[in-house]
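To keep things clear, I will list the structure first and then write my remarks on it.
The values are calculated or read from the model by the stated rules, or taken from the named source; none is laboratory data. Keep in mind that what you see is a predicted model, and the values were worked out from it rather than measured. FYI the Cβ positions are ideal-geometry reconstructions off the backbone, even for glycines, and counts take in every protein chain you see. The protein model used for the area step is the full one, side chains on, heavy atoms only, and it has no ligands, DNA or RNA in it. Shrake-Rupley method; radii C 1.70, N 1.55, O 1.52, S 1.80 Å.
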Amino acid sequence: MREIISAAEAARILHCRPQKVRERIKAGRWTFGKAVPPAKPGGQITYDIYARRMYQFFGMELPDNKNAPKGAATPVGHIDN
């Protein structure tokens, strides 16, 4: 498992949309990632999402790195936080 994952990867694991992940992190509601301001004016905000912290935040078991498919996790259902 990579330490930093994309909003799309996090959304796949959490069974929600990437935009929801980005909005919650930007608003500070989910503390397992950070919004990184653009380096240049007019650039896009990027997001660093820390996989291990995300699993801990939701009380999920970390996947077995050797046998788990990409994005695999203990199912938690739909995340509403």
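Report, by chain and number, residues whose modeled amide H sits under 5 Å from the one on Tyr47, excluding near sequence neighbours (fewer than 5 apart, same chain). Sorted by chain and number, the residues that satisfy this are Val36.
Largest to smallest in accessible area, the residues Val36, Val21 fall in the order Val36, Val21 (1.4 Å probe, all protein chains included).
Shown in residue order for the range 12-18 are the 3J(HN,Hα) couplings computed by the Karplus curve 6.51 cos²θ - 1.76 cosθ + 1.60 at θ = phi - 60°: 4, 5, 8, 6, 9, 8, x Hz (x for Gly and Pro). Less than 5 angstrom separates the built amide H of Trp30 from those of Ile25, all sequence-distant by 5 or more or on a different chain. Under the shape rule built on the C-alpha gyration tensor, where the axes satisfy a ≥ b ≥ c, the range 1-60 is prolate, since a/c reaches at least 1.5 and a/b is greater than b/c. Would you mind getting me the FRET efficiency between Arg17 and Ala39? Use the beta-carbon distance for r and R0 = 35 Å, nearest 0.05. For Arg17 and Ala39, the calculated efficiency is 0.85.
Gain in length, Lys26 to Met60, computed as 0.36 nm per residue apart minus the alpha-carbon separation, to one decimal in nm? Please report the intermediate quantities before stating the final value.
Values: separation 34, 0.36 × 34 = 12.24 nm, distance 2.19 nm.
Difference between extended and current length: 10.0 nm.
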